[in-house]
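Colleague: Right, I'll just put the structure down here and ask away after.
The values are calculated or read from the model by the stated rules, or taken from the named source; none is laboratory data. Note that the structure is predicted; figures quoted are calculated from it, not measured. Methodologically, a virtual Cβ is constructed for each residue, glycine included, from the backbone with ideal geometry; neighbour enumeration extends over all protein chains shown. Ligands, DNA and RNA are stripped out before the accessible areas are found, and what is left, the full protein with its side chains, is counted by its heavy atoms. Shrake-Rupley method; radii C 1.70, N 1.55, O 1.52, S 1.80 Å.
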Amino acid sequence: MPKPFLSIERMTQRYPDGQGGTMTVFENASFGIEKGEFVCILGHSGCGKSTIMNILAGLAEPTSGVVKMDGFEVSGPSLDRGVVFQNYSLLPWLSALKNVTFGIKARYPDWSADKVEAHARDYLAKVGLEGDVVYRKPSQLSGGMRQRVSIARAFANQPKLLLLDEPFGALDALTRGTIQEELLKVWAGTDQTVFMITHDIDEAILLADRILLMTNGPFARVAESVEITIPRPRTRTQIVEHPNYYAIRNHLVQFLGQRSKELAGKQSGDDDQRPETVRIDKTALVDEEPSAPPPLRAVND
Amino acid sequence: MLDNLSINKRAAILSIVMLVVGLLIWEAAIPAQKAVGELTEYERLTGGGAQKAGVPPPSQVIAKAWEELSNPFYDAGPNDKGIGIQIGYSIYRVLTGYFLAALVAIPLGFLIGMSQIAYKAFNPFIQVLRPISPLAWMPLALFIIQDSEASAIFVIFVCSIWPMLLNTAFGVAGVRKDWVNVARTHELGPLKTAFTVILPAAAPTIVTGMRISIGIAWLVIVAAEMLVGGTGIGYYVWNEWNNLDLTSVIFSILMIGVVGMLLDSAFGVLQRAVAYAE
């Protein structure tokens, strides 16, 4: 089997539990992401999603295990891995435009100032920020606009891997919807690999090629990898009409509501904890029934 | 009629009223010297006709101010220099000591703010040295430096270093982790991170420390110059006290206030320039 573009191999994270022992967040977690893939990770709080994100970003070190990208081991933060943080992390003393050029200047130090600015404006326009708005400071922008700037900053750097840490968590539902579609539009034009944490099932189905499901911690693991068998381009209003939508959604709800608890707390022994691939496709009918262990529990029609 | 004016205008009118009333009370509170002809024989015999030293009325102070300010830079020997020259000397000493202090305090504050170990290692010294009145250093400074001018500058250095040092350390230590992470994920080196992320993030706190320091330095310079003598506004106050020229004393007190206010508002402008809203 060829190595995927990004592979996480036997990653373990333990913290001291404050009583002299250790608390294992996850153990021997292994999974991979292909180039150009959009992968979302879903799981309850405390299962270590953010820890995985920080390790991928290079902001934290796992207790053991390796992360390989393009065949090379990841250590420390790098411009090859862009991050969009939940709280936007814009520098408040810089305008929206300067926040984006800040990133581009770091990425392409030998570009001329004009080229940097044109590139920044280009990406700001892609997320719908044009005109005088780009000269505003983050404090003068709404939450949705701030996250747009943050997304523009990350995409403008064209990193090999883009990490999104619950980017829409702090936004209201309506704003979230429009920015999700903008994110899709920006992403569609690229072969950008994206790894995103979210709490929102619908958001994950809309955006992802594949959803990784995590069991509850401690000893959390990536239990399933659910393929989203809904063709692109997707829009929020159209995907709900697709026959696979509710089948996938119900599977996810079942997992998060019930099986994430049932599967929790199992120590791995020494096994690789690779996720099981789940493929739910009601349009393909019988010809290739996936090896998904759970039968579909709820069906829309 | 007053209701139509803005709050600022109404406040200004109130200020002027307070000033005028205050000056009138002051003027009226000074007992007038009786003319020689009105004195009784007893009063004349006991020296009642001689000029008495007293607190001068505001009219005299204003006249003195006009006289001094219309020719602020004359120099007629060591004990007779214009107010502008005296203030100039004081400002020169304050700024020299102050900027030397900034050169030490801001980099050191950065170090202390960035590193837990440096903070813990420096903290005991800071805690002991900080409460020492800067003037207490004066004898030691005079002995070691052997130069009164440099000693005065040293005293300013010592008094203005602490607020800048502590505020810089506090500001740097308080920079949001997210912003540092932004720098890290953009692979900025330590120097670049310091200048493009930490410095602007901590600037409002640092400038607040600088503003406190310049205020303290201006308070201390008057006392320092009273001790070292020679030139400066502090020396001028003391010299006029020795001359029993209370009009000049009051005038110079007012000038100290005005210059202090100008220094402070300069840093107020700087503070607004580096401020940001989150």
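Residue by residue, here is whether (1) surrounded by 22 or more Cβ atoms within 10 Å (Cβ to Cβ); (2) not basic (Lys, Arg) holds:
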site: A:ALA118; (1), (2): no, yes
site: A:ARG121; (1), (2): no, no
site: A:LYS126; (1), (2): no, no
site: A:ARG136; (1), (2): no, no
site: A:GLY144; (1), (2): no, yes
site: A:VAL149; (1), (2): yes, yes
site: A:GLN158; (1), (2): no, yes
site: A:ASP172; (1), (2): no, yes
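Colleague: If you check B:PHE251 against the conditions, is it of a type in the set (A, V, I, L, M, F, W, C), under 18 Å from B:VAL94 (Cα atoms), more than 14 Å from every other protein chain (Cβ to nearest Cβ) and out of contact with any strand residue (DSSP E or B) (no Cβ under 6 Å at 6 or more places or on another chain)?
Modeller: On the way: of a type in the set (A, V, I, L, M, F, W, C): yes; under 18 Å from B:VAL94 (Cα atoms): no; more than 14 Å from every other protein chain (Cβ to nearest Cβ): yes; out of contact with any strand residue (DSSP E or B) (no Cβ under 6 Å at 6 or more places or on another chain): yes.
For B:PHE251, the condition - of a type in the set (A, V, I, L, M, F, W, C), under 18 Å from B:VAL94 (Cα atoms), more than 14 Å from every other protein chain (Cβ to nearest Cβ) and out of contact with any strand residue (DSSP E or B) (no Cβ under 6 Å at 6 or more places or on another chain) - is not met.
Colleague: Would you confirm whether or not the stretch B:246-254 contains a residue that is surrounded by fewer than 16 Cβ atoms within 10 Å (Cβ to Cβ) and within 29 Å of B:GLY77 (Cβ to Cβ)? Lay out the reasoning, then the answer.
Modeller: Let us first name the residues in the stretch B:246-254 that are surrounded by fewer than 16 Cβ atoms within 10 Å (Cβ to Cβ), namely B:253-254.
Now drop any that are not within 29 Å of B:GLY77 (Cβ to Cβ), which leaves B:253-254.
Looking through the stretch B:246-254, at least one residue is surrounded by fewer than 16 Cβ atoms within 10 Å (Cβ to Cβ) and within 29 Å of B:GLY77 (Cβ to Cβ).
Colleague: Condition first: at pLDDT below 95, on the phi > 0 side of the Ramachandran plot, not basic (Lys, Arg) and not in a helix (DSSP H, G or I). Can you find one or more residues in the stretch B:261-276 that meet it?
Modeller: The answer is no, given that none of the residues of the stretch B:261-276 is at pLDDT below 95, on the phi > 0 side of the Ramachandran plot, not basic (Lys, Arg) and not in a helix (DSSP H, G or I).
Colleague: On the basis of being in contact with a Pro (Cβ under 8 Å, 6 or more places away or on another chain), assigned by TED's automatic domain parsing to the domain that holds A:ARG279 and more than 30 Å from A:GLU262 (Cβ to Cβ), does A:LEU213 make the cut?
Modeller: On the way: in contact with a Pro (Cβ under 8 Å, 6 or more places away or on another chain): yes; assigned by TED's automatic domain parsing to the domain that holds A:ARG279: yes; more than 30 Å from A:GLU262 (Cβ to Cβ): no.
In short, no.
Colleague: Hand me the list of strands (runs of 3 or more DSSP E) wholly inside the stretch A:155-270 holding 1 or more residues that are of a type in the set (D, E, K, R). Spell out how you get there, then give the answer.
Modeller: Numbers: elements: A:161-165, A:193-198, A:210-214, A:222-227.
The strands (runs of 3 or more DSSP E) meeting that bar are A:161-165, A:210-214, A:222-227.
Colleague: A further question on this structure: Name the residues in the stretch A:121-179 that are free of Cβ contacts under 8 Å to residues at least 24 places away in the same chain and within 14 Å of another protein chain (Cβ to nearest Cβ), would you?
Modeller: If the condition is that a residue be free of Cβ contacts under 8 Å to residues at least 24 places away in the same chain and within 14 Å of another protein chain (Cβ to nearest Cβ), then A:GLN140 is the only one that fits.
Colleague: Right, next: Mind listing whichever residues of the stretch A:144-192 are closer than 25 Å to A:THR237 by Cα, of a type in the set (A, V, I, L, M) and outside the structural domain of A:ALA120 (by TED's automatic domain parsing)?
Modeller: Those that are closer than 25 Å to A:THR237 by Cα, of a type in the set (A, V, I, L, M) and outside the structural domain of A:ALA120 (by TED's automatic domain parsing): A:LEU164, A:ALA170, A:LEU171, A:ALA173, A:LEU174, A:ILE179, A:LEU183, A:LEU184, A:VAL186, A:ALA188.
Colleague: Let me ask something else about it. Is it the case that the stretch B:254-270 has a residue that's touching a residue at least 40 places away in the same chain (Cβ under 8 Å) and of a type in the set (S, T, N, Q)?
Modeller: no
Colleague: Quick check on the stretch B:201-215: of everything there that is away from every other protein chain (no Cβ under 14 Å) and crowded, with 18+ Cβ neighbours inside 10 Å, which residue is nearest to A:ARG153 (Cα to Cα)?
Modeller: Step one: filter the stretch B:201-215 for residues away from every other protein chain (no Cβ under 14 Å), giving B:208-215.
Subsequent filtering for residues that are crowded, with 18+ Cβ neighbours inside 10 Å retains B:208-214.
Details: B:THR208: 32, B:GLY209: 33, B:MET210: 34, B:ARG211: 35, B:ILE212: 38, B:SER213: 39, B:ILE214: 40 Å.
Per the stated criteria, the residue is B:THR208.
Colleague: Only one of these is outside the structural domain of A:ASP202 (by TED's automatic domain parsing) and either under 15 Å from the mean Cα position of the chain (by Cα) or free of Cβ contacts under 8 Å to residues at least 60 places away in the same chain (or both): A:ASN99, A:ASN54. Name it.
Modeller: Numbers: A:ASN54 fails: outside the structural domain of A:ASP202 (by TED's automatic domain parsing).
When all the criteria are applied, what remains is A:ASN99.
Colleague: For residues that are within 8 Å of another protein chain (Cβ to nearest Cβ) and of a type in the set (A, V, I, L, M, F, W, C), tally how many sit in the stretch A:95-120.
Modeller: Number of matching residues: 2.
Colleague: Here is a follow-up. For the stretch B:19-132, which helices (runs of 4 or more DSSP H) that fit wholly inside it have 3 or more residues that are of a type in the set (D, E, K, R) and surrounded by fewer than 16 Cβ atoms within 10 Å (Cβ to Cβ)? I'd like the intermediate steps shown before the answer.
Modeller: Details: elements: B:41-45, B:58-70, B:83-114, B:116-129.
Result: B:41-45.
Colleague: Moving to a separate point now. Considering B:ILE13, B:ILE62, B:ILE25, which residue is farther than 26 Å from B:VAL237 by Cβ and at pLDDT 90 or above?
Modeller: Values: B:ILE62 fails: farther than 26 Å from B:VAL237 by Cβ; B:ILE25 fails: farther than 26 Å from B:VAL237 by Cβ.
B:ILE13 is the lone residue from the list that is farther than 26 Å from B:VAL237 by Cβ and at pLDDT 90 or above.
Colleague: Also, I was wondering about something else. Cβ-Cβ distance below 6 Å, separation of 6 or more or different chains: which pairs start in the stretch B:183-200 with a residue that is facing chain A (nearest Cβ under 7 Å) and end on one that is among the β-branched types (Val, Ile, Thr) and crowded, with 21+ Cβ neighbours inside 10 Å?
Modeller: B:THR185/A:VAL83
Colleague: Out of the strands (runs of 3 or more DSSP E) lying entirely within the stretch A:21-90, which hold 3 or more residues that are open to solvent by less than 30 Å² (accessible area, probe 1.4 Å) and within 14 Å of another protein chain (Cβ to nearest Cβ)?
Modeller: In the stretch A:21-90, the matching strands (runs of 3 or more DSSP E) lie at A:81-84.
Colleague: While we're looking at this one, here's another question. Any residue at all in the stretch B:132-143 that is within 14 Å of another protein chain (Cβ to nearest Cβ), in contact with a helix residue (DSSP H, G or I) (Cβ under 7 Å, 6 or more places away or on another chain) and farther than 17 Å from B:ALA102 by Cβ?
Modeller: Kept after step one, since they are within 14 Å of another protein chain (Cβ to nearest Cβ), are these residues of the stretch B:132-143: none.
Taking every residue of the stretch B:132-143 in turn, none turns out to be within 14 Å of another protein chain (Cβ to nearest Cβ), in contact with a helix residue (DSSP H, G or I) (Cβ under 7 Å, 6 or more places away or on another chain) and farther than 17 Å from B:ALA102 by Cβ.
Colleague: Here is a list of conditions, (1) within 14 Å of chain A (Cβ to nearest Cβ); (2) closer than 30 Å to B:GLN60 by Cβ, and B:TRP218 meets all of them except one; can you say which number that is?
Modeller: Unmet condition: (1).
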